[in-house]
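To keep things clear, I will list the structure first and then write my remarks on it.
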Amino acid sequence: MKFHISPQELWLFVRDSKFSYRRNMPFVMSEVSDTDELAIIEAFLNKKKATVAQKKEDAEELRARRAATARMLITSGFNFDGYHVTKYSGYISGDDVVQIERGTDSIFTSAKDVGESLSSALVSLRRNALTELKDAAYDLGCNAVIGVDFDYITLDPETANFGGGTTYLPYVFCVTANGNAVVIEKDE
């Protein structure tokens, strides 16, 4: 092939496009008219170029977002020394949740230290909640978050089973980071 095009990709493009085609045998061969051939290849190559350009644009936006959120200031207070708030954009939050299996000492399961599991999970939960909080601030065009606090939710779910006993489901722990998204500027 002089265009170095994957036949499978081209077929999927033709199948999903406005171009007409005729199948010679079900699921085996298809053909397009000679007058459409170059138009199809040109449209296919333009679509591939646009897809590559969009991926580059998305990657650049992700890099910009990561850089901005890495520089973003957060505080549990309501101001930053050397800065002043120029815009309040509102209350935001970020969440993360984890399930931790119960530890029971029986023939079928081994005992588990739930406290140790939760302790190791909390660091990750808080980081993920803060990441979501910063993303929410970024989406509002802000460069800082003030009044940050954490809320912790624990669930100890259990349910009745068909045998009349109790089925103990995993513990569920949730962390929510809350704050106010703001734009700050350095004092002169």
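The values are calculated or read from the model by the stated rules, or taken from the named source; none is laboratory data. What you see is a predicted model; the values in this text were computed from it and never measured. Counting neighbours? That spans all protein chains shown, and the Cβs are built from the backbone with ideal geometry, glycine included. The protein model used for the area step is the full one, side chains on, heavy atoms only, and it has no ligands, DNA or RNA in it. Shrake-Rupley method; radii C 1.70, N 1.55, O 1.52, S 1.80 Å.
Numbers for the structure displayed
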item: Considering residues of the stretch 30-47 that are at pLDDT 70 or above and small (Gly, Ala, Ser) only, the residue surrounded by the most Cβ atoms within 10 Å (Cβ to Cβ); result: Ala43
item: When residues of the stretch 86-120 are limited to those that are aliphatic (A, V, I, L, M) and in a strand (DSSP E or B), the one modelled with the highest pLDDT; result: Ile92
item: The stretch 111-131, subset closer than 12 Å to Ile74 by Cβ and among the hydrophobic types (A, V, I, L, M, F, W, C), residue surrounded by the most Cβ atoms within 10 Å (Cβ to Cβ); result: Ala129
item: Within the stretch 43-60, tally of residues that are basic (Lys, Arg) and touching a helix residue (DSSP H, G or I) at 6+ places or on another chain (Cβ under 9 Å); result: 2
item: Selection count, the stretch 121-156, where residues are modelled with pLDDT under 95 and either more than 17 Å from Val175 (Cα to Cα) or of a type in the set (Ser, Thr, Tyr) (or both); result: 3
item: Count of the stretch 132-164 residues which are open to solvent by less than 30 Å² (accessible area, probe 1.4 Å) and either touching a Lys or Arg at 6+ places or on another chain (Cβ under 9 Å) or not in a strand (DSSP E or B) (or both); result: 5
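For (1) among the charged types (D, E, K, R); (2) surrounded by 14 or more Cβ atoms within 10 Å (Cβ to Cβ), each residue gets a yes or a no:
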site: Glu57; (1), (2): yes, no
site: Arg65; (1), (2): yes, yes
site: Ala70; (1), (2): no, no
site: Ser76; (1), (2): no, no
site: His84; (1), (2): no, no
site: Tyr88; (1), (2): no, no
site: Tyr91; (1), (2): no, no
site: Gly94; (1), (2): no, yes
